[in-house]
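Here's the structure we're looking at; comments come further down.
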Amino acid sequence: MSSPHATVTSDPEAAPTTTTTGTADPRLPYDAGLLVLRVVLGLTLAAHGSQKLFGWFDGGGLDGTAQFFESVGYPSGKLMAVVAGLSETLGGLGLALGLLTPLAGAAVVGTMLNVVAVDWEKGFLGGIEYPLVLAAGAAALALAGPGRFAADRALPVLRDHKVTYGAAAVVFGAVVAGVVLLVRS
């Protein structure tokens, strides 16, 4: 038999931060943890993207990034620089804000899988561990959802996160990454 003083709700997302008995909401640490992960991962990626697009933070800008893409076998280095820069910048900002989280996660996963493929010959501790961690973090956020402290909560379609949205987005990001890698010479 449940306590007459406990708050009962069928929607865990709508649960208050404390119950009527004064105990803390058990989802609060989960949501706070997702917020920290989203902000740190998202802003890190947005900074990397702005290096590619604008040359900020000692980045190469579009021209330097285009030269790099051409040097590792991608056709149309300038286009690839724009795509990678936008994917990192907009995907990172989307993750940080919790806005369109599954799509933001897909953009990051696809971009980071390309980085892993390019640096594969360097080995795990030779350079692929960093993009692998970024891809895993983005995939985890796409699957778990952004938590309650996110802009997605204002969007009716994404308010109630479904793991199928996240799984579909991660698969989409991986497929697009595969297609992009196929055009690489």
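The values are calculated or read from the model by the stated rules, or taken from the named source; none is laboratory data. Values in this document were obtained by computation on a predicted structure and should not be read as measured data. All Cβ positions, even for glycine, are placed from backbone atoms using ideal geometry, and neighbour counts span all protein chains on display. What goes into the accessible areas is simple: the full protein's heavy atoms, side chains included, and nothing from ligands, DNA or RNA. Shrake-Rupley method; radii C 1.70, N 1.55, O 1.52, S 1.80 Å.
Just a few scattered comments:
- Within the accessible area of the chain (1.4 Å probe), percent carbon and sulfur: 72
- Anisotropy class of the range 75-146 from Cα gyration tensor, a/c 1.5 cut: oblate
- Difference of contour (0.36 nm per residue) and Cα-Cα distance, GLU121 to TYR30: 29.1 nm
- Eligible lysines near LYS78 by straight Cα distance, threshold 23 Å, same-chain separation 8 or greater: LYS52
- Residues ALA140 and GLU70, FRET efficiency given R0 of 30 Å [Cβ-Cβ distance, rounded to 0.05]: 0.40
- Radius 13 Å from Cβ of GLN51, net charge of other residues (Lys, Arg +1; Asp, Glu -1): -2
- MRE, 222 nm, helices only [DSSP H, n ≥ 4, -39500 (n - 2.57), over the chain, to nearest 500]: -21500 deg cm²/dmol
- Length-normalised contact order for the chain - Cα pairs under 8 Å, 6+ apart - percent: 21
- Kirkwood Rh in Å, taken over all unlike Cα pairs in the range 36-90: 11.0
- Cα-based radius of gyration of the range 62-185 once divided by 2.2 N^0.38 Å, which approximates compact folds: 1.09
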